[in-house]
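Down below is the structure, laid out as structure tokens.
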Amino acid sequence: MDLDVYFKFVLALVFVLGLIGALAWAARRFGLGGKLTPNTGRARRLAVVEVMPLDARRKLVLLRRDAAEHLVLLGAGPDLLVESGIAAPETPGPGEAPTEERPGGRTGEPA
């Protein structure tokens, strides 16, 4: 085989990889494939509050939907809803630190 054939192969490979990269950049830039449903002007209703890995295969996930939280166990087997309808705590305003309640109804130092 001639060196010319190898050069054309490498050039074609770089060109194809460049096209793939350009399409991936354009898809991210213009929002293609990132969202399944548009969220036009509305506040988000669903959020992942906390994730706690239990072991290499399982983790607990605390999800917030509207004013309720749901505790879900995700893992190698079927996913399990541990607790549902937990009242979401009041969120502090911007710039405020969350406070922790002490026994007797007194509020402690910021957590």
Based on Cβ point charges of +1 for Lys and Arg and -1 for Asp and Glu, what charge dipole magnitude is obtained for the range 44-89 about its Cα centre, in debye rounded to the nearest 20? 160 debye
Between Leu46 and Val10, what FRET efficiency follows from the Cβ-Cβ distance if R0 is 30 Å, with the result rounded to 0.05? 0.05
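FYI, it's all coordinate maths here, none of it is from the lab. Because the structure is a prediction, the values reported are computed rather than measured. Quick reminder, even Gly has a Cβ in these numbers, built from the backbone with ideal geometry, and neighbours come from all protein chains shown.
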